[in-house]
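Here's the structure we're looking at; comments come further down.
The values are calculated or read from the model by the stated rules, or taken from the named source; none is laboratory data. Fair warning: this is a prediction, and the values are worked out from it, not measured in the lab. Positions of Cβ are generated from backbone atoms using ideal geometry, with glycine treated the same way; all protein chains shown enter the neighbour counts.
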Amino acid sequence: MQIIGQVKQRAADLYWLAFLLTEYRESSADIAGAAVASQDGASPYFSNWMLSWSRRLVIAKALATIRGELAASARRMEMKRLSKSALPARNWTLGPGAAKVDLENALLAIDTFPRAALVQSVFEGLAIADAAVLLDVKPKLVSKARMIALRELTGNLARMPGRKSTAAGPCAVQGVVQYA
């Protein structure tokens, strides 16, 4: 029973990864299903390696699904200048009622390319160079997109209902951005 629970959780995590990249529920389910199926019969000895491989497989398939949207978004990103707009005050935090769906909504409000750069480089921990290969762009553009996406994510989360200011201290959203 525990193994079934683990497989369901892995499938849910892979689905959410694909959904954050594509914004398409049906495609995301297909991509996650294919990744989980590729692990069938895998030796427990290789389970961590297979999980890592399946996450990379999901990223590659999700990006292939939205290749046209991604390219158009990357062109917009190339033209965009880094904004000097003010960030929210550093003393905000999400309320105790904040949920995974709040993070999802904040991420999906970001344009396709910067969101993909953010998900890969921050959430998945890929090196900028590796994300650039998967996105088929130069690393400099991935870095720029990640900076823009982080600003947008921070602003989106800070503007959410249920956020509150604290007396002082750093932004307390760090624990929310873990989804794996």
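If you go through segment 127-156 and keep only what is within 21 Å of Lys100 (Cβ to Cβ) and touching a residue at least 40 places away in the same chain (Cβ under 8 Å), you end up with Glu152, Leu153, Thr154, Gly155, Asn156. Out of Val142, Val101, Val133, Val122, one residue alone is at pLDDT below 90 and not in a loop (DSSP other than H, G, I, E, B). It is Val101. Every condition in (1) assigned by TED's automatic domain parsing to the domain that holds Arg159; (2) of a type in the set (D, E, K, R); (3) at pLDDT below 90 holds for Arg55 except the one numbered (1). Of all residues in segment 69-81, one or more are at pLDDT below 85, closer than 24 Å to Met147 by Cβ and assigned by TED's automatic domain parsing to the domain that holds Leu150.
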